[in-house]
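Notes follow the structure.
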Amino acid sequence: MEQNKMGIMPINKLLLSMSLPMMASMLVQALYNIVDSMFVARLSENALTAVSLAFPAQNLMIAVGTGTGVGINALISRSLGEKNKERANLIANNGLMLYALSGLVFAIFGVFGSEIFFRAQTSDPEIVQLGTDYLRICCLLSAAIYLQFGFERILQSTGRTFYTMLTQGLGAIINIIMDPILIFGLFGAPALGIKGAAIATVFGQVCAAALACWFNKKKNDDIVINPKKYHLQAHAVKAIYAIGIPSICMVSIGSIMTFGMNKILIAFTSTAAAVFGVYFKLQSFIFMPVFGMNNGMVPIIGFNYGARKPDRLMQTVRLATKYAMSMMGVGMIVFWAFTPQLLGIFNASEQMLSIGIPALRLISLSFLLAGFNIIRISTMQALGHGVVSLVISVLRQLVVLLPCAFIFSRVWGLNATWAAFPIAELAALVITIALFRKVYHNEIQPIFDELAAKEAKEA
């Protein structure tokens, strides 16, 4: 029987071969997020603020997608490591059906909840209207991003990250091309403004989902896509969400944090909220490669945990941590050295520059710590400890960050508000180290002990 590469290939080569395609595709995704906002910023600062205020809702959509994907990814790779192909098929197909249902839920929210969501953040009628137009389209057609999530996670789980790079790259390129055409009405197309940005995004997702589906059908012989045979089963749904719900909650907490920060910032000026939105676009260019490394790492950890190979598991964790912290270190340097130039990408006014320069520099102090935390938290997720990541996320964003931001804003003003980010990340680091040690002791060390006892017995 042919052995899976995740169990035999040298770790550094394996990690890079799994991660580099994901890193490349996520860099392209980060690029189109920035390009998206660049074009929107040319419409007006209010349009940019509207897109920034839409982020918590969009982040919630992504939370459901990534959290469900964590469960799918971990269970498929572990099942393949255990040579249980039937369970891997069941998880994959049930995951796709859960994604389809998620798209339906957000479509309903898009129709009935978009305007309410914006009115809860601002009373500016122009921002409310622009934001509602944008978010309604993104939510109404969210089935596109969820099917893209589903088919790509199946490819990742089986080690076929190169194809995922191609699908995400296609979606991003189509979005980048369609953005100016639909926003400004080029080549005879109607000038749709902010609606055009939303339509371009969704169209890119549709194309990416279609290609990912085709790759699974034609190039992935580890998984059979057949929802009729592998219909929705309670035990499979429970297993996916046992890992996935904590991750969904974890990312969703980011939506609560962003919503809260927008409320704190917009009390100063709408420009401050726009700066916060610009930060998220720019930091994605730093974080996305790390998340790509992360996505390449998780199946390796899941497979080798299932195959009882703890040495390969830990080697993967250590290497991924080094790579992640190196990338985040470079990102921090860029944020300090080229702050005005980065803000200039978004047609920054003098007011935006005066707010944005200290904001980006202070927040970027958290990057190195975040690199370490991301890898260790994802390792714990891959081992089935999703609640751990939830605990850390609650601590970082709700217990420390938001209260600190609120107090700093009231006592020392707007510029001090941004210091809450590195303080929160430092608190997260402390708890991450403590919890990882516990998981290692309970989950990984016993396998080492078991193998050592077996070797001693055989000797």
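The numbers here are math on the coordinates, done by the rules we state, and not lab data. From a predicted model like this one, the values you see are computed outputs, not experimental measurements. Glycine also receives a Cβ, built like all others from the backbone with ideal geometry; neighbour counts cover every protein chain displayed.
Can you flag which of Lys83/Lys218; Lys85/Lys322; Lys13/Lys83; Lys13/Lys228 are past 30 Å Cα-Cα? Intermediate results must be reported in sequence, preceding the final value.
On the way: Lys83/Lys218 21 Å; Lys85/Lys322 33 Å; Lys13/Lys83 23 Å; Lys13/Lys228 38 Å.
Cα-Cα > 30 Å for Lys85/Lys322; Lys13/Lys228; rest within.
If you take the Cα Rg of region 307-459 and divide it by 2.2 N^0.38 Å, with N the number of residues, what do you get?
On the way: Rg = 20.2 Å, N = 153, 2.2 N^0.38 = 14.9 Å.
Relative to the 2.2 N^0.38 Å estimate, region 307-459 comes out at 1.36.
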Q. Among all the aspartates and glutamates, which ones have a C-alpha under 17 Å from Lys309's C-alpha, if same-chain residues fewer than 8 places away are not counted?
A. Glu82, Glu443, Asp449, Glu450, Glu455
Q: Given the peptides 100-109, 367-376, arrange them by the average over their residues of other C-beta atoms within 10 Å, most packed first.
A: 367-376, 100-109
Q: Bin all alpha-carbon pair distances of region 142-206 at 10 Å intervals from 0 and give each bin's fraction as a whole percent.
A: 23, 41, 24, 10, 1
Q) How would you rank 183-196, 78-91, 13-26, highest first, on the average number of other Cβ atoms within 10 Å across their residues? A) 13-26, 78-91, 183-196
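What Kirkwood hydrodynamic radius, in Å, does region 206-285 give when the mean of 1/r is taken over all pairs of distinct Cα atoms and then inverted? It would help to have the intermediate numbers written out before the result.
Values: mean 1/r = 0.0597 Å⁻¹.
This gives a value of 16.8 Å.
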Q | Cα pair distances exceeding 13 angstrom across region 187-243, given as percent | A | 75 percent
**Q.** Descending semi-axes in whole angstrom, ellipsoid equivalent of the chain, from the Cα gyration tensor
**A.** 37, 26, 19
(Q) How large is the Kirkwood hydrodynamic radius of region 123-255, counting all unique pairs of alpha carbons, in Å? (A) 17.0 Å
Q.
Whole percent per 5 Å bin, from 0 to the bin with the longest distance: what is P(r) over all C-alpha pairs of region 1-150?
A. 2, 9, 13, 15, 16, 14, 10, 8, 6, 4, 2, 1, 0
